[in-house]
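K.L.:
Here's a structure for you.
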Amino acid sequence: MSYTPFDVERLVQIITEEVLRAAGGLAPGGRCPCHDVHGECCPDRLRGVLDAGATRLGLQASGAPAGSVAGLIDHTLLKPEATQAEIETLCREARDYGFATVCLNPTWVPLAARLLRGSPVGVCTVVGFPLGATTADVKQYETRRVIFDGATEVDMVINIGALKSGDVRTVKLDIDAVTDVCRAAGVVSKVIIETALLTDEEKVTACTLAKAAGATFVKTSTGFARSGATPADVALMRRVVGDEMGVKAAGGVRDLSGAQAMVQAGATRLGASAGVKIVQESKGAPVAASAGGGY
């Protein structure tokens, strides 16, 4: 896969336009109070719906039908010390509660695919995780392998160092290496941009590149950086990608109020190890311990 100088030049132009759009065009009254970008970056998305106690939402670009709040959640266990017994518990909880997917490391994909066969719960895994510092061809092989093993969704980490070096061509090729394979296989692709390590301009660039690559989602975080998702970052990402793509908030979504804040900001999927707690809080039920961990 290669790009001509014109392709790269056009890509830079698109990114520049997005950065300028994020920095300017203020609405009357000045900048958005929650984020130092365009005044319309935080529309009242679903405001009041979850606040009112609703547990049924229509999902955009999620690959899942409308369902309970559980249908927004990738039930996550990415800690390196996770055992087979914990993965089995994670999958059982996902079936019992109706989560969108389980999200786990590649080594557990075959087991999860077997345990969840015949259920509506998807199998989500990670590529280039958690640093994003492997090469594009390696990420592409990882993607092919996890899809072969039964993954239905792939969350890849971008080449963060290349992005911060201004090397947009390398980042685009890096994302393409994964999204091209996912698209050919009919698998959902999510691009993790690791917002905690980026400036606002770099977040806009990363989202624009993911959109250009045809990714299904952009995603805030791995959960392994110094911080995770914030409503402000979700709102910025949503404004850049528009309504055509999903936005996944991950890292630090630990309770129902946190989930509500992310959805109100524009998230259509949540990565959380506290999925059981969130669902039980939404029903007013007692909170039980969960197998999840790593986000």
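K.L.:
Using mean Cβ contacts within 10 Å as the protection proxy, how do 183-189, 124-130 order, highest first? Write down the numbers at each step before the final one.
P.N.:
Details: 183-189: 17.1, 124-130: 24.9.
By packing density, highest mean first, the sequence is 124-130, 183-189.
K.L.:
Placing unit charges on C-beta atoms (Lys and Arg positive, Asp and Glu negative, everything else neutral), compute the dipole magnitude of the range 173-295 about its Cα centre in debye, rounded to 20.
P.N.:
With only Lys, Arg, Asp and Glu charged at Cβ, the dipole is about 400 debye.
K.L.:
Got a sec? How would Thr230, Thr195, Thr107 order by Cβ neighbour count within 10 Å, fewest to most?
P.N.:
So the residues, fewest neighbours to most, are Thr107, Thr230, Thr195.
K.L.:
Still on this structure, I have one more. With the crude spin-label approximation of a point 7 Å out along Cα→Cβ, what separation in nm comes out for Thr89 versus Ile14?
P.N.:
Once both label points are built, they end up 4.4 nm from each other.
K.L.:
If you don't mind, there's one more thing I want to ask. Determine the sum of side-chain charges near Val154: Lys and Arg each +1, Asp and Glu each -1, restricted to other residues whose C-beta is under 15 angstrom from that of Val154.
P.N.:
Local charge sum for Val154: 0.
K.L.:
Kindly rank 135-141, 274-280 from highest to lowest mean number of other beta carbons found within 10 Å of each residue.
P.N.:
Those peptides, ordered most packed to least, come out 274-280, 135-141.
K.L.:
What order do you get for 173-181, 157-165 when each peptide is scored by the mean count of other beta carbon atoms within 10 Å, highest first?
P.N.:
Peptide ranking by packing, descending: 173-181, 157-165.
K.L.:
Then there's this: Using the Cβ atoms and a cut-off under 13 Å, what net charge is assigned to the surroundings of Leu77, where Lys and Arg are +1 and Asp and Glu are -1?
P.N.:
-3
K.L.:
Residues with beta-carbon under 9 Å from that of Leu236, excluding Leu236: net charge, scoring Lys, Arg +1 and Asp, Glu -1?
P.N.:
Charge balance near Leu236 sits at +1.
Laboratory data are not the source of any read-out in this text; all were calculated from the coordinates shown. This is a predicted model, so every value here is computed, not measured. Note that each Cβ is placed from the backbone with ideal geometry, even for glycine, and that neighbours are counted across all protein chains shown.
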